[in-house]
Amino acid sequence: MAFAMVTTATQQTPTIDEPVYVATAEVYTQQHSLRYNPEHPPLGKLILATGLAFGDVHRLDPAYPGSQTALGRHLLYESGNNPGRLMLAARLPVILLTLLFGLVVLAFARDLAGPVGGLIALGLYAFSPDVIAHGSLATLDVPAAGLLLTAFWLAWRGRERPYAYLPPAGLALGAALATRASALPAVPLLVLLAGFSMWHAQRAVEIRRRTLISLGTVVATGLIAVAVVWVVYLIADPHLRWTTPPRLPHPGGLKGLAVDWLPFPQAYRDGLLMQFRFERQTFNGFLLGEAYKGNLWYYLPVALLIKTPLGMLALWAAGVLTMLLLPRLRVASLYVLPVSAVLLLVAMTGARDYGTRYVIFLPMFLAVAAGTVALVRFRWARVAAVVLVVATAVSSVRTFPYYLPYSNEAFGGTENTHHNLHDSNVDWGQDLARLSQKLKTDYAGQRIWLIYKGSGVPAYYGITAENPYSVPFDQVHGILVVSDSRVALASPKLKQLLDTSTPIDQVGYSMTIYKR
């Protein structure tokens, strides 16, 4: 897994979101300011900053007037930095965290189902194309999901040693909240489970005292998480110099009241309001070859069916059934299945049908669930589980090193993902370097036209291309390169251009090359 992620990290150019996070991380380090990327809490970007500390980053202008997107481009391509070296430095801490979360998967599943169960879970996790893809990027999804997994594992362990494990569970929960606000729906579950674990641990204590201790544990776990969020914001800006943006809409009602009552810094609460503003917008989507506006409630389940190895899907289902039907695992299922279901349902209501990265917690929690099939006493159950893990591994290895656009064999494999999905499921602007090499090797001397979606700067990678929209289409002759996300959501003008072109090649399974 480490080899796959490092290889991926070194070969991919910056994806759409990464420059914003990397630039914000550097602003935290140099200026201790919260003004960029306030819609997400600081911890994930502070993690990136630990890698950037070794990147010899040139100093940013504190008075830079541009947006966070422009700042990211400025840092990577206009400030004298080496984008490849900078991105690798920022990605390495996330890679390290992803590997450590694999050990949490192993330990959690081993606690529930023994060494064989632990290895089954670890096998699924280590070969998950989605985890490898997003665990090798300088983004926030994997760190937040892994910290939540750690919190629930520690809460489970707290059933036997509460004073050793429940405070760290609160710390891990706070860290998840300080990375992504999408962890908020898990808070009631975790604090209640912490109290439940304490209740179990105090089973020899008189009932009234046992109740008070358990209720105190619920409150204490929540307070620890809140304290972590405050500490993280103070690290990013010790003076909390934050001003609420003008005309930031407030949703009112119960949602607005909940935001107002959150015991977090104003910057955190305003970041939530920004997220709510995004959720009120209408975005373009693409699923199973059809473009649409708005969001589909079934988008994420279908996307998971497309982007999850078939062996992994089978083991997820078997693991969930095992946890629900095996009496000895029903209590343990409370620490794995409800959080998975709640977070999935919340994600399904989101306005942006952009990718399975919004449910990246599922390959973590459901790997733990899958490990419990080791307890099934049916003949050949363990052999079947091993076969499915091997099938998952084979499917994952076959897509190397193109993990971001992975699709399982039932949907045509990685080369066909762009026919079914778009954006971070397949094309996140990651293949400019591969395009440059392809053009130099196979299309040298030809006239190049480019329609690119991403944060990279094509000229930096030696790509000399023209914009086909800048001239009448009858003058567009030669090689036309189009990002597959642009193809998926093609405007009538682009459809006209593509209908009179012939697809002849692919780049990284995220761009299509046409002859015109």
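May I ask you to verify whether residue 455 is among the polar types (S, T, N, Q) and either free of Cβ contacts under 8 Å to residues at least 24 places away in the same chain or in a loop (DSSP other than H, G, I, E, B) (or both)?
Numbers: among the polar types (S, T, N, Q): yes; either free of Cβ contacts under 8 Å to residues at least 24 places away in the same chain or in a loop (DSSP other than H, G, I, E, B) (or both): yes.
Considered against the rule, which asks whether it is among the polar types (S, T, N, Q) and either free of Cβ contacts under 8 Å to residues at least 24 places away in the same chain or in a loop (DSSP other than H, G, I, E, B) (or both), residue 455 comes out as yes.
Which pairs have Cβ atoms under 7 Å, sit 6 or more apart or on different chains, and link a residue in the range 337-349 that is under 16 Å from residue 177 (Cα atoms) to one that is among the charged types (D, E, K, R)?
Listed by first residue and then by second, the contacts come to nothing, as the list is empty.
What residue, of 55, 51, is surrounded by fewer than 23 Cβ atoms within 10 Å (Cβ to Cβ), farther than 28 Å from residue 425 by Cα and either under 17 Å from the mean Cα position of the chain (by Cα) or in contact (Cβ under 8 Å) with a residue 12 or more places away in the chain (or both)?
The unique qualifying residue is 55.
Does the range 78-93 contain any residue that is under 22 Å from the mean Cα position of the chain (by Cα) and assigned to a loop (DSSP other than H, G, I, E, B)?
No - not one qualifying residue is present in the range 78-93.
Taking the range 228-266 on its own, how many of its residues are of a type in the set (Ser, Thr, Tyr) and in a loop (DSSP other than H, G, I, E, B)? Break it down into steps so the answer makes sense when it comes.
Filtering the range 228-266 for residues of a type in the set (Ser, Thr, Tyr) gives 233, 243-244.
Pick out the ones that are also in a loop (DSSP other than H, G, I, E, B) and you get 243-244.
Going through the range 228-266 one residue at a time, the tally reaches 2.
Within the range 470-489, count every residue that is hydrophobic (A, V, I, L, M, F, W, C) and in contact (Cβ under 8 Å) with a residue 60 or more places away in the chain.
Final tally of qualifying residues: 3.
Against the condition charged (D, E, K, R), assigned to a helix (DSSP H, G or I) and under 23 Å from residue 334 (Cα atoms), how does residue 269 come out, does it pass? So that I can check it myself, show each step before the final result.
Values: charged (D, E, K, R): yes; assigned to a helix (DSSP H, G or I): yes; under 23 Å from residue 334 (Cα atoms): no.
No, not satisfied.
Out of all the residues in the range 439-450, is one or more surrounded by 20 or more Cβ atoms within 10 Å (Cβ to Cβ) and in contact (Cβ under 8 Å) with a residue 40 or more places away in the chain? Please lay out each step first, then the result.
Residues of the range 439-450 that are surrounded by 20 or more Cβ atoms within 10 Å (Cβ to Cβ), as a first pass: 439, 449-450.
Subsequent filtering for residues that are in contact (Cβ under 8 Å) with a residue 40 or more places away in the chain retains 439, 449.
Among the residues of the range 439-450, at least one is surrounded by 20 or more Cβ atoms within 10 Å (Cβ to Cβ) and in contact (Cβ under 8 Å) with a residue 40 or more places away in the chain, which makes the answer yes.
Does any residue in the range 502-516 that is over 23 Å from residue 406 (Cβ atoms) come within less than 8 Å, Cβ to Cβ, of a residue that is among the basic types (Lys, Arg) six or more places away or on a different chain, and which pairs are these?
502/515; 502/516; 504/515
Could you tell me which of the residues 377, 352 is over 18 Å from the mean Cα position of the chain (by Cα), surrounded by fewer than 19 Cβ atoms within 10 Å (Cβ to Cβ) and not in a helix (DSSP H, G or I)? First the steps, then the outcome.
Details: 352 fails: over 18 Å from the mean Cα position of the chain (by Cα).
377 is the lone residue from the list that is over 18 Å from the mean Cα position of the chain (by Cα), surrounded by fewer than 19 Cβ atoms within 10 Å (Cβ to Cβ) and not in a helix (DSSP H, G or I).
Which pairs do you get when a residue that is farther than 18 Å from residue 132 by Cα and at pLDDT 95 or above, found in the range 394-423, comes within reach of a residue that is surrounded by 17 or more Cβ atoms within 10 Å (Cβ to Cβ) and among the basic types (Lys, Arg), reach meaning Cβ atoms under 8 angstrom, with the pair 6+ apart or on two chains?
421/307
Give the residues of the range 244-267 that are modelled with pLDDT under 95, farther than 17 Å from residue 277 by Cβ and not aliphatic (A, V, I, L, M), sorted by residue number.
Selection gives 261 alone.
Scan the range 121-165 for residues that are charged (D, E, K, R) and buried (at least 24 other Cβ atoms within 10 Å of the Cβ) and jot them down.
130, 141, listed by residue number.
Taking only pairs six or more apart or across chains, which ones have beta-carbon atoms under 9 Å, a first residue in the range 361-390 that is under 14 Å from residue 112 (Cβ atoms), and a second residue that is in a helix (DSSP H, G or I) and among the basic types (Lys, Arg)?
371/110; 373/382; 374/382; 375/328; 376/382
Among what's in the range 191-219 and is of a type in the set (Lys, Arg) and part of a helix (DSSP H, G or I), pick the residue that is nearest to the chain's Cα centre (by Cα).
Step by step, filter the range 191-219, then rank; the result is 210.
Keeping to the range 27-48, report how many residues are touching a residue at least 40 places away in the same chain (Cβ under 8 Å) and under 24 Å from residue 96 (Cα atoms).
11
Determine if the range 205-213 includes at least one residue that is without any contact (Cβ under 8 Å) to a residue 60 or more places away in the chain, crowded, with 19+ Cβ neighbours inside 10 Å, farther than 17 Å from residue 339 by Cα and among the hydrophobic types (A, V, I, L, M, F, W, C). Working first, answer last.
Taking the range 205-213 and keeping what is without any contact (Cβ under 8 Å) to a residue 60 or more places away in the chain, we get 205-213.
After this cut, where a residue has to be crowded, with 19+ Cβ neighbours inside 10 Å as well, the list is none.
No, the range 205-213 has no match at all.
Taking the range 318-333 only, how many residues are over 20 Å from residue 389 (Cβ atoms) and crowded, with 19+ Cβ neighbours inside 10 Å?
2
Could you list all residues from the range 401-448 that are touching a helix residue (DSSP H, G or I) at 6+ places or on another chain (Cβ under 8 Å) and at positive phi?
Of everything in the range 401-448, those that are touching a helix residue (DSSP H, G or I) at 6+ places or on another chain (Cβ under 8 Å) and at positive phi turn out to be 412, 413, 423.
Before we move on, is residue 225 closer than 24 Å to residue 193 by Cβ, in contact with a Leu (Cβ under 6 Å, 6 or more places away or on another chain) and in a helix (DSSP H, G or I)?
Details: closer than 24 Å to residue 193 by Cβ: yes; in contact with a Leu (Cβ under 6 Å, 6 or more places away or on another chain): yes; in a helix (DSSP H, G or I): yes.
Spelling it out, residue 225 is indeed closer than 24 Å to residue 193 by Cβ, in contact with a Leu (Cβ under 6 Å, 6 or more places away or on another chain) and in a helix (DSSP H, G or I).
Sort out which residues of the range 114-164 are in a loop (DSSP other than H, G, I, E, B) and either touching a strand residue (DSSP E or B) at 6+ places or on another chain (Cβ under 9 Å) or not charged (D, E, K, R) (or both), and write them in order of number.
Taking the range 114-164 as the starting set, the residues that turn out to be in a loop (DSSP other than H, G, I, E, B) are 127-128, 136-140, 158-161.
Residues satisfying the conditions are 127, 128, 136, 137, 138, 139, 140, 158.
Of the residues 315, 329, 321, 296, which single one is over 20 Å from residue 428 (Cα atoms) and either within 19 Å of the chain's Cα centre (by Cα) or in a loop (DSSP other than H, G, I, E, B) (or both)? Spell out how you get there, then give the answer.
Details: 315 fails: either within 19 Å of the chain's Cα centre (by Cα) or in a loop (DSSP other than H, G, I, E, B) (or both); 329 fails: either within 19 Å of the chain's Cα centre (by Cα) or in a loop (DSSP other than H, G, I, E, B) (or both); 321 fails: either within 19 Å of the chain's Cα centre (by Cα) or in a loop (DSSP other than H, G, I, E, B) (or both).
On inspection, the qualifying residue turns out to be 296.
The values are calculated or read from the model by the stated rules, or taken from the named source; none is laboratory data. Nothing here was measured: the structure is a model prediction, and the numbers come from that model. Methodologically, a virtual Cβ is constructed for each residue, glycine included, from the backbone with ideal geometry; neighbour enumeration extends over all protein chains shown.
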